[in-house]
Every structure is written in C-alpha cells, then in structure tokens.
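In what follows, a structure is listed as structure tokens, so that the remarks can point back to it.
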Amino acid sequence: MSEFPHSTVVTVPFGEPRLARIASESLQVDRELSGDKLVRTISVDDANLVVSFTANSLRVLRVSINGFMDSLIL
C-alpha cells in the first residue's frame, strides 16, 4: 500500500495566465505544516491553477484542501 493512498486534484480557473501565475507564486511560499503526512504540488496550465494533493489519510487531505481554499480566497 502506498504511503500516501489518498489524492485529488483541484483546478481553479483564472481569467488569464498571468493571474494564474501570480496566484501560484503567492501560494507556493506557504509550506504544508504536515509535510510528513501530505504532498502538495502547485502548477499553472494556461489560465488554470492546478493543485495536486496526496495524503496519508482522508482527514489530512480534507484539512489541507480547506486550508488551501481559505488562502486562495484571501
């Protein structure tokens, strides 16, 4: 069994690639507090911010996605 069996990808559309890059650069400086329990990767695909989460439990996955969305809204 994988160390991180739970995963999801969140795609956030922006109006233009420049805005997606700005969001990516702003959010990448925030490191995950549970680095041993979760891996988060952020990339930009055209005008979309693409965030991949892989975690060792569903709870960690949910909490991380919620925290990320809170940061994204700010």
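The values are calculated or read from the model by the stated rules, or taken from the named source; none is laboratory data. In this text, all values refer to a predicted model and were calculated from it rather than measured experimentally. All Cβ positions, glycine included, derive from the backbone under ideal geometry; neighbour counts span all protein chains shown. Ligands, DNA and RNA are excluded from the accessible area calculation, which covers all protein heavy atoms including side chains. Shrake-Rupley method; radii C 1.70, N 1.55, O 1.52, S 1.80 Å.
Please give me, ordered by residue number, the GluC sites (Glu not before Pro) of the chain that lie in loop per DSSP and have at most 15 other Cβ atoms within 10 Å.
3
Helix 58-73 versus the longest principal axis of the chain: what angle, 0 to 90°, nearest 10, using Cα atoms?
It works out to around 20 degrees.
Excluding ligands, DNA and RNA, what is the solvent-accessible area per residue of the chain at a probe of 1.4 Å, expressed in Å²?
Here the per-residue accessible area is 67 Å².
So how tilted is helix 17-28 from the main axis of the chain? Cα-based, degrees 0 to 90, rounded to 10.
On a 0 to 90 degree scale, this one is about 40.
In the chain, carbon and sulfur make up what percent of the accessible area (probe 1.4 Å)?
Heavy-atom surface of the chain belonging to carbon and sulfur, 1.4 Å probe: 53 percent.
Which trypsin sites (Lys or Arg not before Pro) in the chain pass both tests, a DSSP loop state and at most 16 other beta-carbon atoms within 10 Å?
Sites meeting the loop and neighbour criteria: 31.
So I have [x] 23, 12, 10; [y] 20, 14, 12; [z] 39, 16, 9, and one of them is semi-axes √(5λ) of the Cα gyration tensor in Å calculated from this model. Which one is it?
[x]
Take every Cα pair under 8 Å in the chain that's 6+ residues apart, average their separations, divide by the length, and report that relative contact order as a whole percent.
With pairs under 8 Å counted, the relative contact order is 39 percent.
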